[in-house]
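The values are calculated or read from the model by the stated rules, or taken from the named source; none is laboratory data. Just so you know, these numbers come straight off a predicted model, no measurement behind them. Glycine also receives a Cβ, built like all others from the backbone with ideal geometry; neighbour counts cover every protein chain displayed.
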Amino acid sequence: MHEAAMQEFRAIFSRLKQTGRLMVGVPCYDTYVAHRLANHPDEPVMTYEEFFRDRQDTRYGVKGGGMNRCC
Amino acid sequence: MTRSIQTLGWIAVTLALTFAFGWIALNRGETINALWIVVAAVCVALLAYRFYSLFIAQTVLQLDPRRPTPAVRYNDGLDYVPTNRYVLFGHHFAAIAGAGPLVGPVLAAQLGYLPGTLWILVGVVFAGAVQDFIVLFISMRRDGRSLGDMIRSEMGQVAGVIAMFGVLLIMIILLAVLALVVVKALAHSPWGSFTVFATIPIAMLMGVYTRYLRPGRIGEMSVIGFAALIAAIYFGQIVSENPTAAEMFTFSGETLALTIIGYGFVASVLPVWLLLAPRDYLSTFLKIGTILGLALGILFVMPDLQMPAVSRFVDGTGPVFSGALFPFLFITIACGAVSGFHSLIASGTTPKMIENEDQVRLIGYGSMLMESFVAIMALIAACVLEPGLYFAMNSPAGLIGTTPDQAAQVISSWGFVITPEMLTQTAADVGEGTILSRAGGAPTLAVGMAHILSGAIGGKAMMAFWYHFAILFEALFILTTVDAGTRVCRFMIQDLLGTFVPVMKRTDSWMANVVATALAVTAWGYFLYQGVVDPLGGINTLWPLFGISNQMLAAIALILCTVVLFKMKRQRYAWVTIVPTAWLLICTLTAGWQKLFHPNPAIGFLSHAGKFSDALAAGTILAPAKTVEEMNRIIFNDYVDAVLCGLFIAVVLSMVVYGVLAIRKALANPNVTTREVGGDETARQATRLASRGARHA
């Protein structure tokens, strides 16, 4: 019972964390790695640091981008 | 069994709504508790979501849960990622909720709490949430393409260019008016200025931290940054109490405007990781936290509304903004009821992350309902203040003078009792020298929030802290938008100019970059400076222009939605978008027309210019101008505003024409002519196979 509650709590916390990170434009890194391994097993996978920088540059339109926030 | 329980539940919600509105109606002339407004808003949202949004989802759009979304078809782990619906809801809400829904309702409170509340609730259900929902839907059906792209492909090349030009104009006026809100809040406030200036080195420190010291550790960085912000508020008080230091951080509106213009230029050419990104993290989390805090504060403190339900200013003589309830209420409250800007967000990153089509309803319609709660809370925060205090804070100095004695006298003559002592006491409570004529929403909201939050935590001793916390929160948020918005403007200008001068299009060219940034900053800086020196306080002039442009963008987005419905052969249900489009066109065109040609100089730009021209011809100087040169500048500014207003009208009218043409073409064709992607059976099978393969691997 206690264990189940802890697990539930951990799941909610991880969702909240994921929400907070996506709010600032950083999607889930584990999902990215899983996707790369499953679909492009022979290609390199970005490290978390590279992934983070790539997402940061995309969000703020370093290569020219749109508005991602409202007034 | 469950079904009948559900039915009973919905009947209960309806009864609660009827009761809340009944209570509000029966207690006109007496103070009512803010909780009644909250109950009414929650019930309206529940009913609208359960019934109207379901109707749109099932009958109008016919969402297809089996049809693969772009996230599924293009899954790349980066831009296109199937995302849990609640996580995506948070992402989308954080992107659409901004300073807009906090400012507009505060200004509209001059009409009393009822007009604003009713417009927010009706507007969000039938216009705002519908727009967000349908734009998100059509963008998702087109691989997450942008609004401009979709207008181009569904309504033609020219329509697309006109719409993007309109968006650029809107961006410029938006950035000017938001920066003006910051100037109004920080002018002659050493505490506020110190705190907000301190955010720049704090953000840079955080930027270096996430780039080099601990790359990508957003959580850690945000906690450290938050602690530093609180410290900045604390030291701000010390600065404001030390005469020499306070002197250093006391700025006039003009100085602040020039500082922000310079800052806007520098900030938008710096690398994003240094200033923009870390401040965006801080302001996003602070915004969500503050909204939650305010909601809890209202529920916990349950303040009474002091503002009358309907004030005498519905006749159009109000000091905060000029013009009668129709059309100006519907212009003043844009965000929170319906905001065209959301159509840019709903066709941005969100449609690329939707896991399943049936989740568009929650994310599109649901997030906008959430945003309407933010607007309702802002309205409550303004209406819990003594009306006299509210008008002292929001009326221009040209009307109420610059001393507490004058202000109290003028405002009392309007029928709102206030004494000079109350004004000086409130200023002292929040740690400011004066609170007079601090229009722009932020300070009023800050006092209202301080009023509510100090009732929950800290009492009167904490009021000054809460006030500066609220100012910091809004300024941080707005400066991030100014920075990001200037970059977007720069790209748009490069794109536009690139058509004529190819080298301008190169985003990697340092020269092109600097030229376009300078143009963008000059454009919004011009309106900002004009607003700061405006005798009517700037907000009075610029906010309606912003509201008109934002609502016109909403009308453009809804025209696109209508065209798409006709192309899908769903014209039977097109009233869902035609009704709000028509209403927005009526409001914005009437307001635009009045801003141009109204005989009252307080409303019409041209009659204002005429009044000053006549005076000039007669050889007299009208306040606030002190020289002939200043007179000429005021006249020139009036003409610039008039031209801008005329351009907005021209843009929206031409979009109506293109919309009608596209609809006629769609009607003439017996087939479905919409340009969706990813709907055919082969694509569906291919995806199913691919995803099955992925799952096995």
Which number in (1) away from every other protein chain (no Cβ under 14 Å); (2) hydroxyl-bearing (Ser, Thr, Tyr); (3) crowded, with 23+ Cβ neighbours inside 10 Å marks the one condition that residue B:153 misses?
(3)
Is the stretch B:183-201 home to any residue that is within 14 Å of chain A (Cβ to nearest Cβ) and touching a Leu at 6+ places or on another chain (Cβ under 9 Å)?
no
Kindly indicate whether residue B:330 is over 28 Å from residue A:19 (Cα atoms) and assigned to a loop (DSSP other than H, G, I, E, B).
no
Here are the criteria: (1) modelled with pLDDT of 95 or more; (2) within 14 Å of chain A (Cβ to nearest Cβ). Tell me which single one residue B:96 does not satisfy.
(1)
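Residues checked against (1) in a helix (DSSP H, G or I); (2) out of contact with any Asp or Glu (no Cβ under 9 Å at 6 or more places or on another chain); (3) more than 30 Å from residue B:133 (Cβ to Cβ); (4) among the hydrophobic types (A, V, I, L, M, F, W, C):
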position: B:545; (1), (2), (3), (4): yes, no, no, yes
position: B:559; (1), (2), (3), (4): yes, yes, no, yes
position: B:569; (1), (2), (3), (4): no, yes, no, no
position: B:576; (1), (2), (3), (4): yes, yes, no, yes
position: B:587; (1), (2), (3), (4): yes, yes, no, yes
position: B:612; (1), (2), (3), (4): yes, no, yes, yes
position: B:619; (1), (2), (3), (4): no, yes, yes, no
position: B:633; (1), (2), (3), (4): yes, yes, yes, no
Pairs returned, first residue in the stretch B:22-47 that is over 19 Å from residue B:448 (Cβ atoms), second residue that is at pLDDT 95 or above, beta-carbon separation under 6 angstrom, 6 or more apart or interchain, are B:44/B:121; B:45/B:369
Considering the stretch B:246-285, residues that are part of a loop (DSSP other than H, G, I, E, B) and of a type in the set (Phe, Trp, Tyr), and then whichever is farthest from the other protein chains (Cβ to nearest Cβ), we arrive at B:249
Any residue at all in the stretch B:211-220 that is more than 27 Å from the chain's Cα centre (by Cα) and touching a residue at least 60 places away in the same chain (Cβ under 8 Å)?
yes
In the list B:289, B:293, which residue meets the criterion of being assigned to a helix (DSSP H, G or I) and modelled with pLDDT of 90 or more?
B:289
With the structure loaded, tell me whether residue B:516 is at pLDDT below 90, farther than 18 Å from residue B:645 by Cα and within 13 Å of chain A (Cβ to nearest Cβ) or whether it fails that test.
no
Working only within the stretch B:595-618, note down all residues that are of a type in the set (S, T, N, Q) and touching a residue at least 12 places away in the same chain (Cβ under 8 Å).
B:600, B:613
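Would you point out which residue out of B:468, B:451 is touching a residue at least 60 places away in the same chain (Cβ under 8 Å), under 17 Å from residue B:300 (Cβ atoms), crowded, with 22+ Cβ neighbours inside 10 Å and not hydrophobic (A, V, I, L, M, F, W, C)?
Unique residue meeting the criteria: B:451.
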Within the stretch B:75-89, count every residue that is touching a residue at least 24 places away in the same chain (Cβ under 8 Å), surrounded by fewer than 24 Cβ atoms within 10 Å (Cβ to Cβ) and either away from chain A (no Cβ under 11 Å) or assigned to a helix (DSSP H, G or I) (or both).
2
